[in-house]
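What follows is a short report on a single structure.
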Amino acid sequence: MTELKKEQKIEPPKETVSMYKNYGAPVLFVIIVPIILFYILKKSTTVSQNIFPNWISLGVLLVFLLWGYGSLRLFPQNFEGPKNIDGSVPKYQGNGFRFWFVSVIVVVVVCLKWKEVPEMVTKNFIPIIMTFNIFGLLFVGYLYFIGRKEYWGKEEDDKKGYSWLFRFYRGLEFHPRIGGVDIKQLTNCRFGMIFWQVIIIIFAFFSYYSSGFNVAMWVTVVLQTIYIAKFFWWETGYFNTLDITLDRAGYYICWGCLVFLPAFYTFTCYYLANNPSMISGLVGGVILLLGCWFIWMNYRVDKEKEDFKANPDCKIWGKKAAFINCAPLEKGHTPKLADIKEEGKKPSKLLVSGWWGKSRHMNYTYEIGLSGCWSAVGAPVGIAPFAYLGYIIALLVHRIYRDEDKCRVKYGKYWDEYCKRVPARLIPGIF
Ligand code: NDP
């Protein structure tokens, strides 16, 4: 009897999942966010006559799916991503920049040769997003369906009592493959990101053909184009980020890249195509230069970390890089974030030189500055062109906390030491 009591005592307490996590957040993102999104798109348009899917929107979906899929299958340039916590080594294609370059040339030639295309696409933008939404839901549903019985970490999920809705929303597998391609590379890079690039060029041509050259529109398109080009230049580096290593292929990341990214990251240009903003060449030039500076600084911060990871003896700002040497975590360390607990067993280093010694996410600070620039061109037509800026601030601040959770688990007391040495999260001396 006493033995039994003892056994009962040492049983680990059952973790309870909050109603918000299990149902609230998924309902918010699966139902409420799309409703708000379509409401905003409809409210902002002066040219779109349609809402519901049609043959044009279906054609656009197919073209982008085939174009992205073809880029991964037809011109292979094999690239292995970092080993995942589930033990797999994801396989990608490293031909992102060429893909971006060819896509830009093709869309510019199409817009110059067939002048009716920009108008046709702009007028059908809401049906296009509606079609992406239907496809995105079906696609994510399919991913859930094929993975639901067996996936890495299922026992843990069952133990925690995660609902099916939460699992659908978060995703099941980290790196599912369909038709020989990595799903997250297809949805994130070869669909969402390239659609962003193509559609803003189409909006710019629409604006040009309907009301002549508009400084605001072209400044924002040039800034966003440089930013997207930079993304494709560094696409293989993207495979080390939270989107790929921590997020599973589910509604959050896949629907996000199939629907939310095409609809909302493009919003400033969409709004300006519908509501032209007038700024002078001088103001446009200043915003363009400032935006380019922010892009360059964002790149510099990312590059410092990349150089340091490749060679910890590198020089930063002319001096040998200073860092915190993190030994593998001792046995008593009990990680909470089950997904990355294995990480803490490896030795690693935290850079405290250069920008990484000024704030813990200076790259996000510059990213926000850049988004501020590409929104500011729309100031004469109100606050709507700043919608993306508000969103990116919320996203990146939330991401800082997600990343800190991850790093605290991975680096333990060394992360706390880093936070003491570099107290600012975003802006030195302020936050
Ligand atoms: P970071 O590039 O800041 O990477 C964070 C990771 O870097 C941590 O998890 C940790 O990973 C490592 N790290 C953190 N601090 C240090 C340090 N001091 N020394 C060494 N390693 C450190 O974040 P993201 O991956 O989110 O962002 C990459 C780029 O993408 C940025 O330019 C960002 O602005 C942009 N971005 C854009 C978004 C958009 O929607 N527009 C969304 C998100 C990002 P570990 O040690 O495990 O390698």
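The values are calculated or read from the model by the stated rules, or taken from the named source; none is laboratory data. None of these values were measured; they are calculated from a predicted model. All Cβ positions, even for glycine, are placed from backbone atoms using ideal geometry, and neighbour counts span all protein chains on display. Surface accessibility is based on the protein's heavy atoms, side chains included, excluding ligands, DNA and RNA. Shrake-Rupley method; radii C 1.70, N 1.55, O 1.52, S 1.80 Å.
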> What pairs come up if the first residue lies in region 404-421 and is over 14 Å from residue 326 (Cα atoms), the second is part of a helix (DSSP H, G or I) and within 9 Å of the ligand (Cβ to nearest atom), and their beta carbons are under 8 Å apart, counting only those six or more places apart or on different chains?
Replying inline: 404/415; 406/242; 406/340; 421/357
> From the set of residues in region 158-184 that are of a type in the set (A, V, I, L, M), in contact (Cβ under 8 Å) with a residue 40 or more places away in the chain and not in a loop (DSSP other than H, G, I, E, B), which is most open to solvent (accessible area, probe 1.4 Å)?
Replying inline: 165
>> Name the single residue that is most open to solvent (accessible area, probe 1.4 Å) among those in region 83-99 being over 19 Å from residue 197 (Cα atoms) and under 20 Å from the mean Cα position of the chain (by Cα).
In response: 91
> Among the residues of region 100-157, which ones are open to solvent by less than 30 Å² (accessible area, probe 1.4 Å) and either farther than 20 Å from residue 195 by Cβ or among the charged types (D, E, K, R) (or both)?
Replying inline: 141, 147, 151, 153, 157
> Only one residue in 98, 73 is basic (Lys, Arg) and over 30 Å from residue 273 (Cβ atoms). Which one?
Replying inline: 73
> Here are some conditions: (1) closer than 26 Å to residue 137 by Cβ; (2) within 14 Å of the ligand (Cβ to nearest atom). Residue 259 meets all but one. Which one does it not meet?
Replying inline: (2)
>> Exactly one condition in (1) part of a loop (DSSP other than H, G, I, E, B); (2) under 18 Å from residue 93 (Cβ atoms); (3) open to solvent by 10 Å² or more (accessible area, probe 1.4 Å) is false for residue 243; which is it?
In response: (1)
>> Let me spell it out: the conditions are (1) open to solvent by 10 Å² or more (accessible area, probe 1.4 Å); (2) away from the ligand (no atom under 16 Å from the Cβ); (3) among the small types (Gly, Ala, Ser), and residue 284 meets all of them except one. Which number is the exception?
In response: (1)
> Only one of 231, 213 is surrounded by fewer than 24 Cβ atoms within 10 Å (Cβ to Cβ) and either over 13 Å from the mean Cα position of the chain (by Cα) or not in a helix (DSSP H, G or I) (or both); which?
Replying inline: 213
>> Considering only residues that are assigned to a helix (DSSP H, G or I), open to solvent by 50 Å² or more (accessible area, probe 1.4 Å), among the hydrophobic types (A, V, I, L, M, F, W, C) and under 26 Å from residue 240 (Cβ atoms), which ones fall in region 33-82?
In response: 67
> Can you tell me which of 218, 255 is of a type in the set (Phe, Trp, Tyr) and either modelled with pLDDT under 95 or crowded, with 23+ Cβ neighbours inside 10 Å (or both)?
Replying inline: 255
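Yes/no matrix, rows are residues, columns are (1) of a type in the set (Asp, Glu); (2) in contact with a His (Cβ under 6 Å, 6 or more places away or on another chain); (3) more than 15 Å from the ligand (Cβ to nearest atom):
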position	(1), (2), (3)
188	no, no, no
196	no, no, no
208	no, no, yes
218	no, no, yes
237	no, no, no
247	yes, no, no
> With (1) at pLDDT 95 or above; (2) within 11 Å of the ligand (Cβ to nearest atom) as the list, and residue 377 as the residue in question, which single condition is left unmet?
Replying inline: (2)
